[in-house]
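J.: Supplied in C-alpha cells, the structure appears directly below.
The values are calculated or read from the model by the stated rules, or taken from the named source; none is laboratory data. Bear in mind the structure is a predicted one, so any value in this text is a computation, not a measurement. Every residue, glycine among them, receives a Cβ derived from its backbone with ideal geometry; neighbour counts consider all protein chains shown. We work out accessible area using only protein heavy atoms, side chains counted, and drop any ligands, DNA or RNA first. Shrake-Rupley method; radii C 1.70, N 1.55, O 1.52, S 1.80 Å.
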Amino acid sequence: MAGKKVTAVIKLQCPAGSATPAPPVGPALGPHGVSAPKFVQEFNDRTRKMEKGLIIPVIITVYQDKSYTFILKTPPAAVLIKKAMKLDKGSSNPLRDKVGKITKKDLEEIAKEKLPDLNANDLEAAKKIIAGTARSMGVEVEQ
C-alpha cells in the first residue's frame, strides 16, 4: 500500500453482518468511485461473527486508483451500555429521569472492550470515560 495517494477518508457506522448499499453507504462511497456492493460484501464478511445488527464504526481509506482499505472500530460506548442494560434508548432528560443503574462489573467489561479505541492510558481512565457516557444517557453508575 506504500506509495498510493489517499484521496478520501470516509467514516461510517454500519450494522454488523447486515449492511446494505442503500444510504448511508452508497451515497458516501459513490462520489469516490468505490463500489458500494463490493464494500458491503467485504464488510459483512468481516463482521459475520459479531452480533448481527450491532453498530460498528468503520473508517474507509480510498486511494487514487479507486482501491480502498477499511478499519473496523469497537461499537460506540452508548450502544454497549444500552445492550448491557437491555435499554431501547437513553433518557431524554438525563438529569431528572434515570433509566437504570449500571454495575461496576458491566462498566469494567465495556471499558475493556472499548479500550483500544479510547483515549485512555489504563482501564481506570477508560472506566471513567464510559461512566461519563452512561451518566449522559441517564444511567446511574454504581459507586
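J.: Which condition number does Gly53 fail, the rest of (1) under 20 Å from Gly100 (Cβ atoms); (2) touching a Pro at 6+ places or on another chain (Cβ under 8 Å) being met?
T.: (1)
J.: Additional query: Is it the case that some residue within segment 126-141 is acidic (Asp, Glu) and either part of a loop (DSSP other than H, G, I, E, B) or open to solvent by less than 40 Å² (accessible area, probe 1.4 Å) (or both)? Give the steps one after another, and end with the answer.
T.: First pass over segment 126-141, keeping only residues acidic (Asp, Glu): 140.
Then drop every residue that is not either part of a loop (DSSP other than H, G, I, E, B) or open to solvent by less than 40 Å² (accessible area, probe 1.4 Å) (or both), which leaves none.
No, segment 126-141 contains no residue that is acidic (Asp, Glu) and either part of a loop (DSSP other than H, G, I, E, B) or open to solvent by less than 40 Å² (accessible area, probe 1.4 Å) (or both).
J.: Related question: Could you say which residue among Ala8, Ala16 is touching a strand residue (DSSP E or B) at 6+ places or on another chain (Cβ under 7 Å), open to solvent by less than 80 Å² (accessible area, probe 1.4 Å) and within 22 Å of Thr74 (Cβ to Cβ)? Walk me through how you get there before you give the answer.
T.: Numbers: Ala8 fails: within 22 Å of Thr74 (Cβ to Cβ).
Exactly one of Ala8, Ala16 is touching a strand residue (DSSP E or B) at 6+ places or on another chain (Cβ under 7 Å), open to solvent by less than 80 Å² (accessible area, probe 1.4 Å) and within 22 Å of Thr74 (Cβ to Cβ), namely Ala16.
J.: Looking at Pro21, Pro57 in this structure, which one is open to solvent by less than 50 Å² (accessible area, probe 1.4 Å) and under 20 Å from the mean Cα position of the chain (by Cα)?
T.: Values: Pro21 fails: open to solvent by less than 50 Å² (accessible area, probe 1.4 Å).
Exactly one of Pro21, Pro57 is open to solvent by less than 50 Å² (accessible area, probe 1.4 Å) and under 20 Å from the mean Cα position of the chain (by Cα), namely Pro57.
Let's see how each residue does on (1) among the polar types (S, T, N, Q); (2) on the phi > 0 side of the Ramachandran plot:
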| residue | (1), (2) |
| --- | --- |
| Pro27 | no, no |
| Gly33 | no, yes |
| Pro75 | no, no |
| Asn93 | yes, no |
| Leu107 | no, no |
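J.: Here is a follow-up. Check segment 106-115 and report whether any residue there is open to solvent by less than 40 Å² (accessible area, probe 1.4 Å) and under 30 Å from Thr7 (Cα atoms).
T.: Checking segment 106-115: at least one residue is open to solvent by less than 40 Å² (accessible area, probe 1.4 Å) and under 30 Å from Thr7 (Cα atoms).
J.: Something else: Return only the number of the condition from (1) in a loop (DSSP other than H, G, I, E, B); (2) exposed (fewer than 13 other Cβ atoms within 10 Å of the Cβ) that Gly30 does not satisfy.
T.: Failing condition for Gly30: (1).
J.: Taking the condition of being among the acidic types (Asp, Glu) and within 22 Å of the chain's Cα centre (by Cα), how many residues in segment 60-104 meet it? Walk me through it before giving the result.
T.: Applying the first criterion (among the acidic types (Asp, Glu)) to segment 60-104 yields 65, 88, 97.
Of the ones still in play, those that are also within 22 Å of the chain's Cα centre (by Cα) are 88.
Within segment 60-104, residues that are among the acidic types (Asp, Glu) and within 22 Å of the chain's Cα centre (by Cα) number 1.
J.: Please give the number of the condition Lys86 fails out of (1) touching a residue at least 24 places away in the same chain (Cβ under 8 Å); (2) open to solvent by 40 Å² or more (accessible area, probe 1.4 Å).
T.: Every condition holds for Lys86 apart from (1).
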